[in-house]
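The values are calculated or read from the model by the stated rules, or taken from the named source; none is laboratory data. Predicted, not measured: the structure shown is a model, and the values here were computed from it. Here the Cβ is made from the backbone with ideal geometry for all residues, glycine too, and neighbour counts use every protein chain on show. When the accessible area is computed, the model is the full protein with side chains, heavy atoms only, and any ligands, DNA or RNA have been set aside. Shrake-Rupley method; radii C 1.70, N 1.55, O 1.52, S 1.80 Å.
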Amino acid sequence: MDIAWTSPERLSPPLTRLAASAYCWSVPNLAHTSVPPWARPGAPASSPVDAVANADAVANADAVASADDGGGAAYVLVGVGPEAAGVLASWWDELAPRPGRPDPVVLCAADVATAGERLAAALAEARVGVRVRLAGSVGCCLALRATAIAAGLEDDELSVAPTGAGPIEVACVHCGGVASVEAAIGDVVGCPGCGRGLVIYHHVSRRLGRFLGFQADAGASAE
């Protein structure tokens with residue numbers, strides 16, 4: 001169930017002050033969190049960024065290139081949405097056919113669910129040495145990365161080019177509900193399951209591709 005971002009004015013009175021203060025929080029140092037560099041605030045759009053690039057190396061993100069040197073035995077290129085078309089075309093040109101390597105498999109989809117199904121099917125038939133490149137919004141790339149990891153790929157076999165922020169998924173630690181929202185780390189969003197106001201925490205599940213959300217006034221409730 002998709003829900004809209006919940007503004008402080010729409011939250012219950014006890015939560016309003018906490019939600020409003022969320023926008024004053026400074027973004028924590030994300031260098032040692034599970035949030036990949038390309039999913040962090042300020043990461044450039046439509047620029048291939050290594051999925052596990054060292055945090056120090058991405059201080060100047062515009063200068064970071066994909067760790068993929070084009071030497072994979074085979075490639076699967078996945079794009080979600082029209083914004084990804086240009087990135088896929090660039091990758092195709094880069095990965096010109098060479099002896100002993102098949103043409104890249106190009107998977108385009110309008111939504112992440114379809115793209116994920118196609119990626120899983122392609123990887124089920126893949127051989128050792130395949131590399132995957134993902135293009136789409138941050139939320140889509142997180143979900144597709146989870147699909148690739150579930151299929152057995154390692155981080156250094158993945159490259160990601162975000163085409164924008166877009167909706168992300170936030171998993172509620174209280175009821176297991178999942179909110180699909182256009183928001184950022186530190187924002188407060190409503191849970192479609194239990195109705196709590198959730199702070200988006202700087203943790204991403206590699207297995208699910210979702211941010212962690214917990215009750216914004218949890219500390220006050222415990223008092």
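I'd like the residue in the range 148-160 that is touching a residue at least 60 places away in the same chain (Cβ under 8 Å) and open to solvent by 10 Å² or more (accessible area, probe 1.4 Å) and, out of all such residues, is nearest to A39 (Cα to Cα). Result: D155.
For the range 167-181, a residue qualifies if it is open to solvent by 20 Å² or more (accessible area, probe 1.4 Å), in contact (Cβ under 8 Å) with a residue 40 or more places away in the chain and out of contact with any Lys or Arg (no Cβ under 8 Å at 6 or more places or on another chain), and the qualifying residues are P167, V173, S180. Selection within the range 79-125: residues that are assigned to a loop (DSSP other than H, G, I, E, B) and surrounded by 14 or more Cβ atoms within 10 Å (Cβ to Cβ). The member of this set that is modelled with the highest pLDDT is G81. Within the range 84-105, not a single residue is under 23 Å from A165 (Cβ atoms) and in contact with a helix residue (DSSP H, G or I) (Cβ under 6 Å, 6 or more places away or on another chain). For A65, indicate whether it is in contact with a Leu (Cβ under 8 Å, 6 or more places away or on another chain) and at pLDDT below 90. So A65 does not fit the description; no. Residues that are modelled with pLDDT under 50, part of a loop (DSSP other than H, G, I, E, B) and closer than 18 Å to P104 by Cβ occur at least once in the range 35-49. So V128 passes all but one of these: (1) open to solvent by 40 Å² or more (accessible area, probe 1.4 Å); (2) assigned to a loop (DSSP other than H, G, I, E, B); (3) within 17 Å of R210 (Cα to Cα). Which condition number does it fail? V128 satisfies all of (1) open to solvent by 40 Å² or more (accessible area, probe 1.4 Å); (2) assigned to a loop (DSSP other than H, G, I, E, B); (3) within 17 Å of R210 (Cα to Cα) except (3).
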